[in-house]
Amino acid sequence: MSKPSYTHGTSGTALLGDTIGANLDRAVATWPDREALVDVPSGRRWTYARFGADVEELAYALLAAGVAKGDRVGIWAVNCPEWVLVQYATARIGAIMVNINPAYRTHEVEYVLQQAGISLLFASLGHKSSDYRAMVEQVRGSCRELRDVVYIGDPSWDALTGRGVPVPHEDLSCDDPINIQYTSGTTGFPKGATLSHHNILNNGYFVGELLDYTEQDRICIPVPFYHCFGMVMGNLAATSHGACMVIPAPSFDPAATLRAVQQERCTSLYGVPTMFIAELNLPDFATYDLTSLRTGIMAGSPCPVEVMKRVVAEMHMAEVSICYGMTETSPVSLQTRTDDDLEHRTATVGRVLPHIEVKVVDPADGVTRPRGEAGELCTRGYSVMLGYWNEAAKTAEAVDPARWMHTGDLAVMREDGYVEIVGRIKDMIIRGGENIYPREIEEFLHAHPKIADVQVVGVPHERYGEEVLACVIARDPADPVTLEELRDFCDGRLAHYKIPSRLQVMDSFPMTVSGKVRKIELREKHAAGN
């Protein structure tokens, strides 16, 4: 009889009971002269001693500006050193930092400012086509609690930091809320996942532990800080181990990323699979010296086998790790280990982290499934959020009375405890009564010589309910794959009902700012054959 799909992470390493400020103080005292932060675009550098002093200065400035424990401080900015300083300074005084997606427009920013009750906002002046100052001014009148706006790179930043004088501030508990991250809802407004010191400090620490981080590591972070991938798996994993945070660019740029790795001799590189694909596909990829790399994290979506092979062989990332998680779980629940083989790194998302529990249940009745059978993945432990900000009913929908977080992902737990993600419950395609998991087809189509990247979605069909649409990016835009070639490639190797009946060749996929493909947008756009 198969074991139930339940496992928990044992560890001889205890959970941290620190606040983020106390943990940073320990790093500053231990490694004062080591580099903590490097901003490649501006050439600015911080040792741990200087970084700690600048965090303290900003914390005092926030107190002088009237920010108190529990107040919400927004940050609407691309990756820059000031973002990191705000992250640690707000945590030091117990203010709740609210991450705002840099891609948001006025309607969305207005909602977040109001819903979180933000009293002070840090914002970039602008980025690409976005004029943040103009958008803030457009919505400011309707946000009653917003008292001050500080623009990064503007005299208002210097005016704020110049106000700081050492004053005592409140004692903090590691269970205090200090971060709100808005999850990218596909319908309605996003929800604000509220996270504590204990949630995100421990998650960053244990992710770093499983990557064998020490003060010798230098982590290239091209993923956005506004998301857990950047601020937890990147920044908190670094500072809890005395490692260095390296910012290659304000937003993802494949060439800037590889230049930063080469210039700063980075040992670790982060990204979602599409980022690694973009880097590998650079015409001059082979000219970059990436021999300093040892490890890194690939997360956000499944990694195709062929991409993983190249990352290990050509980017020297023999110890690259796959992570699985969600904002509501701080984020990581499952992670591959540095010595896992290629099959485990591409077919699974790893095994449970220390001090966390996971199980796979029947979505209908909540009963734990036997290993090897698909069901909804649930996770429980220190990493589960405190709740959605001011949304008790939505919190209750996601976190059950036993404190299990229901992820909405379909998963299979193997006999060895490793977990395969087979799709989102809402992404599963049902064609003529057959359940189809897009991940399986995507993995198969990645081996086609004409396909650089692929996403599979279900679109409406009059007879079968849904049919399979393959959206592909061609390796050579001048010679894209045809539907006939695609179907011939699948014939005899995939069950007939899994073979795509429609093909859409695209230049790029619609993405969230955290690097996830917006499948709902693909479905909606191409539902009627547009």
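The values are calculated or read from the model by the stated rules, or taken from the named source; none is laboratory data. Predicted, not measured: the structure shown is a model, and the values here were computed from it. All Cβ positions, even for glycine, are placed from backbone atoms using ideal geometry, and neighbour counts span all protein chains on display. Only protein heavy atoms, including side chains, enter the accessible area calculation; ligands, DNA and RNA are left aside. Shrake-Rupley method; radii C 1.70, N 1.55, O 1.52, S 1.80 Å.
Worth a mention:
- Working note: Karplus 6.51/-1.76/1.60 with θ = phi - 60° gives region 158-165 the couplings 5, 5, 5, 5, x, 8, x, 10 Hz, where Gly and Pro are set to x.
- Whole-Å distance, taken between Cα centres, linking region 421-487 and region 154-171: 53 Å
- For the chain, calculated [θ]222 nm from helices alone, where every DSSP H run of n ≥ 4 adds -39500 (n - 2.57): -8000 deg cm²/dmol
- Other-chain or far-sequence residues with amide H under 5 Å of ASP217's (modelled H): CYS244
- Here's how it looks for GLY74: its modeled amide H is under 5 Å from those of VAL98, SER119, LEU120, LEU121, PHE122, which are all 5 or more places away or on a different chain.
- Rounded to whole Hz, the Karplus (6.51, -1.76, 1.60) HN-Hα couplings of region 32-45, x for glycine and proline: x, 9, 7, 6, 9, 8, 10, 9, 4, x, 9, x, 7, 9
- Straight-line cross-link reach from LYS519 at under 19 Å between alpha-carbon atoms covers these lysines, not counting any fewer than eight positions away in the same chain: LYS426, LYS498.
- Largest to smallest accessible area among SER129, SER2, SER124 [probe 1.4 Å]: SER129, SER2, SER124
- Pairwise centroid distance, computed over Cα atoms, of region 208-232 with region 328-383, Å: 21 Å
- FRET efficiency, 1/(1 + (r/R0)^6) with R0 25 Å, evaluated for THR10 and MET428 via beta carbons: 0.15
- Taking only the alpha carbons of region 271-415, we obtain Rg and Dmax values of 17.5, 55 Å in that order.
- Here region 289-417 is assigned +1 on the Cβ of each Lys and Arg and -1 on the Cβ of each Asp and Glu. Its dipole about the Cα centre then comes out at about 200 debye.
- Förster-model FRET efficiency, 45 Å R0, ALA64 and ALA318, C-beta, rounded to 0.05: 0.40
- Protection proxy ranking of 367-378, 293-304 - average other beta-carbon atoms within 10 Å, highest first: 293-304, 367-378
- Size of region 127-167 as Cα extents on the principal axes (Å, biggest first): 37, 27, 11
- Put a plus charge on the Cβ of each Lys and Arg, a minus charge on the Cβ of each Asp and Glu, and nothing anywhere else: the dipole of the chain about its Cα centre is then about 480 debye.
- Isolated Cys residues of the chain, judged by Cβ distance under 4.7 Å to other cysteines: CYS80, CYS143, CYS174, CYS228, CYS244, CYS303, CYS323, CYS378, CYS471, CYS490
- Accessible area per residue for the chain, computed on protein heavy atoms with a 1.4 Å probe, is 38 Å².
- Compactness relative to 2.2 N^0.38 Å, alpha carbon Rg of region 113-200: 1.31
- Rounded, prolate or oblate (a/c below 1.5 giving rounded, otherwise prolate when a/b exceeds b/c) for region 376-485 by Cα gyration tensor: prolate
- Nearest-20 debye value, region 40-115 charge dipole, Cβ charges on Lys, Arg, Asp, Glu: 180 debye
- Charge-dipole axis of region 127-190 as Lys and Arg at +1 and Asp and Glu at -1 on Cβ define it, positive-most pick from GLY164, ALA134, ILE152: ALA134
- For region 1-115: rounded, prolate or oblate by the Cα gyration tensor [a/c cutoff 1.5]: oblate
- Karplus-derived 3J(HN,Hα), 6.51/-1.76/1.60, for each residue of region 421-437, Hz, glycine and proline x: 8, 9, x, 7, 3, 7, 8, 4, 9, 10, 10, x, x, 8, 7, 10, 9
- Three-way shape label, region 269-327, alpha-carbon gyration tensor, a/c 1.5: prolate
- Value of relative contact order over the chain, rounded to a whole percent, pairs C-alpha under 8 Å and six or more apart: 13 percent
- Using a Förster distance of 60 Å, the FRET efficiency for ASP365-GLU485 (Cβ separation, nearest 0.05): 0.85
- The modelled label-to-label distance between ASP507 and ARG493, using points 7 Å beyond Cα along the C-beta direction, is 3.0 nm.
- Accessible carbon and sulfur surface of the chain relative to its total accessible area, %, 1.4 Å: 50 percent
- Overall Cα dimensions of region 317-375 - principal axes, largest extent first, Å: 42, 26, 17
- Long-range amide H partners of HIS127 with built H, under 5 Å: TYR132
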